[in-house]
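**Student:** Please see the structure below; I have some questions.
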Amino acid sequence: MSWNTFGRVLRFTTWGESHGPALGAVVDGCPPRIAISEADIQPYLDARKPGQNRFTTQRQEADLVRILSGVFEGQTTGTSISLMIENTDQRSKDYSEIAQAYRPGHADYAYDAKYGIRDYRGGGRSSARETAARVAAGAVARLIVPEVKITAYVCELGGDAIDRAAIDFAEIGNNPFFCPDPAAAKRWEATVDDARKAGSSLGAVVECVATGVPAGWGAPIYAKLDGDLAAAMMSINAVKAVEIGDGFAAARLTGEQNADPMRPGDNGPKFMANHAGGIAGGISTGQPVVCRVAFKPTSSILTPVDSITSDGDATQVRTKGRHDPCVGIRGVPVVEAMMALVLADHKLLHRAQIT
């Protein structure tokens, strides 16, 4: 059995392959009478789409979304919302040389071992192209949580981190790296250019902050908000680690250092710190929900790497085609989408239990 569906009350299923005719998502559980159009979804897909600058893959896809069902007269009907994005710039011939060889770092061998068959054209379902469907579904989820503002950005690229004292969220849209530190963005231009010219790739860390999340979302013990966030982020292609709040750094603190002290406030407690990332006991506290997501370097590189063929013979693989030198850059809209989907699901789950 394959698992292509995520969520409890708000559920979404993605479908399609990198080099198939189209891909998309079916969103089920969306409340009725929410105003929606394709124009509400397209800007998020535009942020993720390839070929926008020299720092991403040069595959040219318009990523235009079509709403096929679940919307009538500009409003959701409460039935399943089907979203479709056509693939228009496939170059399957680029992958002919790896039809019988496994790309190290990719899912080629794992898919073959599980299913006995694999779509070698761009990796099929394992391709990051699948994330376009998530972004479309995430745009629907944002309409369910209008009280929440979700902002993601690259905070580290190739081991070079931003200066947190220089963060300016207004800068995120002013550079191709979704970076809130203009000085770091300038440094990263040369870093990514050097990796691309060398036929290599780089990893990145994306940080996501959701403000306006009320206290009470999430449920013990097997529907923890942070647990579902971790699962959602880990399901993104190329993600290898997720931190909530201080994450691994919390293990290096003392109890008093890691505590989030509270003082009386006008509308509930006033927190003096947010080491927990806005979640305690799996339930939101009303503070900003913060997570960081680590993307590995893109596995499709021009540098030859030792591997084997499907017959078990030794070979070297040099992946041709059009690939992101740092897949974490275009991962920013995907991380935002998964945050929106999890928060919308937990809002509806909370509403179902607490009246």
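**Student:** Hey, among the residues in the stretch 279-325 that are assigned to a loop (DSSP other than H, G, I, E, B) and hydroxyl-bearing (Ser, Thr, Tyr), which one's farthest from ARG103 (Cα to Cα)?
**Tutor:** THR285
**Student:** Continuing with the same structure: Check VAL334 against each of (1) β-branched (Val, Ile, Thr); (2) in contact (Cβ under 8 Å) with a residue 24 or more places away in the chain; (3) assigned to a loop (DSSP other than H, G, I, E, B) and name the one condition it does not meet.
**Tutor:** Evaluating VAL334 over (1) β-branched (Val, Ile, Thr); (2) in contact (Cβ under 8 Å) with a residue 24 or more places away in the chain; (3) assigned to a loop (DSSP other than H, G, I, E, B) leaves (3) as the failure.
**Student:** Could you check the stretch 121-174 and list, in sequence order, the residues that are small (Gly, Ala, Ser) and in contact with a Lys or Arg (Cβ under 7 Å, 6 or more places away or on another chain)?
**Tutor:** Residues satisfying the conditions are GLY122, GLY124, ALA132.
**Student:** Taking into account only those residues within the stretch 62-111 that are open to solvent by less than 50 Å² (accessible area, probe 1.4 Å), farther than 20 Å from ILE236 by Cα and of a type in the set (D, E, K, R), which is modelled with the lowest pLDDT?
**Tutor:** ASP94
**Student:** Take the residues of the stretch 242-268 that are at pLDDT 95 or above, in a strand (DSSP E or B) and over 31 Å from the mean Cα position of the chain (by Cα): which is nearest to GLU207 (Cα to Cα)?
**Tutor:** MET262
**Student:** Turning to a different aspect of this structure: Just give me the residues in the stretch 269-278 being surrounded by 11 or more Cβ atoms within 10 Å (Cβ to Cβ) and either in contact with a Cys (Cβ under 9 Å, 6 or more places away or on another chain) or outside any strand (DSSP E or B) (or both), in sequence order.
**Tutor:** ALA273, ASN274, HIS275, ALA276, GLY277, GLY278
**Student:** Continuing with the same structure: Is it the case that the stretch 164-175 has a residue that's more than 21 Å from GLU336 (Cα to Cα) and either in contact with a strand residue (DSSP E or B) (Cβ under 9 Å, 6 or more places away or on another chain) or open to solvent by 20 Å² or more (accessible area, probe 1.4 Å) (or both)?
**Tutor:** yes
**Student:** Something else: Is it true that ASP306 is modelled with pLDDT under 95, closer than 30 Å to TYR120 by Cβ and surrounded by fewer than 18 Cβ atoms within 10 Å (Cβ to Cβ)?
**Tutor:** Against the criterion (modelled with pLDDT under 95, closer than 30 Å to TYR120 by Cβ and surrounded by fewer than 18 Cβ atoms within 10 Å (Cβ to Cβ)), ASP306 qualifies.
The values are calculated or read from the model by the stated rules, or taken from the named source; none is laboratory data. Note that the structure is a prediction, hence the values are computed from the model and not measured. In this analysis, Cβ positions are derived from the backbone assuming ideal geometry, glycine residues included, and neighbour counts consider all displayed protein chains. Remember, those area values only see protein heavy atoms, side chains included, never the ligands or the DNA or RNA. Shrake-Rupley method; radii C 1.70, N 1.55, O 1.52, S 1.80 Å.
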